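Here's the structure, in structure tokens; my notes come after.
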Amino acid sequence: MHAMKHPYVKAVALVVLATATGKTLLSNVDPTNQVMLYLLAVVISGLRLGRNATVLTSMLGVLAFDFFFVPPTFRLTVHSAEYLITFSALLVVALVIGTLTSRLLDHAAALNARERETAALYAFTSRIATARNMSEVTRAVVEQVAATFGGSALLLLNGTEAASAGQAPRGCNTRLTLSTANGEVGSLLVETPDSLKKEQMQLLEAMAAQAAVVVERGQLADRARRAELLAAAEKLHDALLHSISHSLRTPLASIIGSLSTILDPSQDRLDPATRFDLVETAREEAERLDEFVGDLLDMARLEAGPLKLLTDLYDPADVIGAALRQAERALRGRPVRVEMPPGLPLIPLDQVLIVQVLENLLSNAAKYSPAGTAVEIWVQQLRGEMEIAVADRGADISETDRARVFDKFYRVNRPGSPIGTGLGLAICKGIVEAHHGRIWIEPRDGGGTIARFALPLAGEE
């Protein structure tokens, strides 16, 4: 079976078949017509077996025609000159047909190879062109190269492995430098079971050229993005520094002004009520300054790394009671209603931190709602979580503001709103998320705002 796959064996078989057909089926046909069988064998050989096998078929066909069909038969002799012309014509026509068909097959094979290379290059270009970032670009490059050449591929950028793909066969290694007009951007290493042919090497070089352009474009985009982020960070840094400076200077200026007025010798006749107002103003501004510094320290603590929680099981009623005591001054003059069903389970939490969260939410509710309106606290257990809500009857918060109120130093702009640090809700979010919980703001039916946070119960995360 293996031998029959050899083109020369097949050439001999074609001649044998043509001879057998002429002897059995066309025995009564003139020999000059039977020569067409050998021409048919030559054409088939040219289409299927290649040029050398076709030459062999031509020569064997001439010999077989002379031996089996030209009188005297079964001898390689010729008595009639016309058969010499037939032999010559058969040999020449067979060689021409064999050469032409062989060239045609070579051309068709080259076209098929070029079509495969074009399809592979198109698939490669399409894959890397749709990549959304450098990680996807590098992964697409090595995966497409490994799949196309049946080996493994490794992409190095700045001497560091960026991506690899495919099984590593023990074969031939090929290393290509990824270069553009601006210089070298990386290297592509390909390992294949066999050495690459000329056409395969050309395809790999084309892929490498395309990869170099896309990688360079991605690197330039990353640099531009980093520059943009640095510019935005610098702008934010300036804005934060201005905000902090303003928040520190305002209460300090008020405190210095009040105390300077009290201590001014020319103001020794200040009436007690005025003096009391100045002292009270200094005290309020000092408390405001203390709150701001405390918020800054809390935010710095949150951003320094993961919080170390002192977690234990606590009754929700005890946590709410502690928060109400700490927020007593902020809630002065307004009713507070607590709705909490009986039999709630204990919650694993850091009491000091969660009390701080509740105190911030209660202070915000009192600060941003009309005087005398109630602040409400609702507690409920839902789907393995304990949810606590603080509701007020202040002005509604827009959807845009609700999405940003947990950002550092972000304050909702409202006419007549009290001045705040813009850190309270950011601190609340950091503490709640350190407990693997969630916190959000939503509008309240009938007007107002609800701040909710949910903490996982024991055994939940």
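The values are calculated or read from the model by the stated rules, or taken from the named source; none is laboratory data. Just so it is clear, the structure is predicted and the values come from calculations on it, not from any experiment. So basically every Cβ, Gly included, is an ideal-geometry build from the backbone, and we count neighbours across all protein chains shown.
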Within the range 122-151, tally of residues that are hydroxyl-bearing (S, T, Y), touching a residue at least 40 places away in the same chain (Cβ under 8 Å) and surrounded by fewer than 18 Cβ atoms within 10 Å (Cβ to Cβ): 1
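With respect to V352, is the statement that it is modelled with pLDDT of 90 or more, among the hydrophobic types (A, V, I, L, M, F, W, C) and under 20 Å from S363 (Cβ atoms) true?
Judged against the criteria, V352 is not a match.
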Qualifying positions in the range 387-410 - surrounded by fewer than 21 Cβ atoms within 10 Å (Cβ to Cβ) and in contact (Cβ under 8 Å) with a residue 60 or more places away in the chain: E387, A389, K408, F409
Test: residue in the range 277-285 that is loosely packed, with under 14 Cβ neighbours inside 10 Å, modelled with pLDDT of 85 or more, of a type in the set (A, V, I, L, M) and out of contact with any Cys (no Cβ under 8 Å at 6 or more places or on another chain): yes
Residue that is modelled with the highest pLDDT, among those in the range 130-164 that are among the hydroxyl-bearing types (S, T, Y) and closer than 19 Å to D194 by Cα: S152
Number of positions in the range 171-205 that are surrounded by 12 or more Cβ atoms within 10 Å (Cβ to Cβ) and small (G, A, S): 4
Every residue from the range 157-209 that is in a loop (DSSP other than H, G, I, E, B) and either within 26 Å of the chain's Cα centre (by Cα) or of a type in the set (D, E, K, R) (or both): N158, G159, G166, Q167, A168, R170, D194, K197
